[in-house]
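Since the structure comes first, as structure tokens, the remarks are kept for the end.
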Amino acid sequence: MYYLNYFFIMSILGHMIECFFYSNGESGILFGSWTPIYGFGSVIILFINSFLSKYKFKKITKIILLFICSAIILSMLEVIGGYTIKLIFNTEIWDYTNHKFNIGKYTSIEMSLIWGLSSIILIYFIKPIFDKIISKIPKYLTYIFIISMIIDFIVTIFIKH
């Protein structure tokens, strides 16, 4: 339940941040107020951190490794997500060809650096606060979110496809 709740909270938070700062009220392809790529990315960061925590790195080494691994893996997630959305829905939600250091349409060095920095912010600043909140989320609420997102995916596929 921990990772599912993290997924939902970060999907909703990512949606809110993107709507506020970037796209004037729209984020992602789903109808609900969530953008799953942020949830997937956050859970991946948690797994990377968990993996790195198994080893006795100095704190600065762990931070650097977290940054590099997250930047690379989340950039790959962004590319996979971009191509998948294009393939399934024949639309492009993001396009980084205007970035100076783009790596194709769906990622860039600039965005990779943002994902690396975001991983550090998530693990060292957001996670300690959210861990207290997530432990209090009742299971039935998680199930409601699961069902709601499944319905949203199905409706999106049939309406937008």
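Can you tell me which residue among K105, K127, K86 is in contact with a helix residue (DSSP H, G or I) (Cβ under 7 Å, 6 or more places away or on another chain), surrounded by 13 or more Cβ atoms within 10 Å (Cβ to Cβ) and of a type in the set (D, E, K, R)? Just one listed residue meets the conditions, K105. Among the residues of this structure, E110 counts as one that is in a helix (DSSP H, G or I), modelled with pLDDT under 95 and not small (G, A, S).
Of the residues that make up region 142-160, is at least one touching a residue at least 24 places away in the same chain (Cβ under 8 Å), in contact with a helix residue (DSSP H, G or I) (Cβ under 8 Å, 6 or more places away or on another chain) and on the phi > 0 side of the Ramachandran plot? Checked against the condition, which is being touching a residue at least 24 places away in the same chain (Cβ under 8 Å), in contact with a helix residue (DSSP H, G or I) (Cβ under 8 Å, 6 or more places away or on another chain) and on the phi > 0 side of the Ramachandran plot, region 142-160 yields no hits at all. Applying the criterion of being over 18 Å from S50 (Cα atoms) and more than 16 Å from the chain's Cα centre (by Cα) to the residues of region 109-124, the residue that is surrounded by the most Cβ atoms within 10 Å (Cβ to Cβ) is I109.
Here's the yes/no breakdown for (1) farther than 15 Å from K127 by Cβ; (2) of a type in the set (V, I, T); (3) within 16 Å of the chain's Cα centre (by Cα):
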residue	(1), (2), (3)
G41	no, no, yes
L46	no, no, yes
I60	yes, yes, no
L66	no, no, yes
I72	yes, yes, yes
S75	yes, no, yes
I85	yes, yes, yes
N98	yes, no, no
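Of the residues L52, L77, which single one is touching a Phe, Trp or Tyr at 6+ places or on another chain (Cβ under 9 Å) and not basic (K, R)? Within the list L52, L77, the selection yields L77. Among the residues making up region 41-67, those that are assigned to a helix (DSSP H, G or I) and exposed (fewer than 14 other Cβ atoms within 10 Å of the Cβ) are F47, S50, F51, S53, K59, I60, T61.
Taking into account only those residues within region 90-102 that are surrounded by 15 or more Cβ atoms within 10 Å (Cβ to Cβ) and not β-branched (V, I, T), which is farthest from F153 (Cα to Cα)? That would be N102. Condition (residue is of a type outside the set (V, I, T), without any contact (Cβ under 8 Å) to a residue 12 or more places away in the chain, part of a loop (DSSP other than H, G, I, E, B) and within 19 Å of Y106 (Cα to Cα)) applied to region 26-40: is it met by at least one residue? Looking for residues that are of a type outside the set (V, I, T), without any contact (Cβ under 8 Å) to a residue 12 or more places away in the chain, part of a loop (DSSP other than H, G, I, E, B) and within 19 Å of Y106 (Cα to Cα), one finds at least one in region 26-40, hence yes.
The values are calculated or read from the model by the stated rules, or taken from the named source; none is laboratory data. Quick caveat, the model's predicted, so the values are computed rather than measured. Cβ sites come from the backbone with ideal geometry, for glycine too, and all protein chains shown count toward neighbours.
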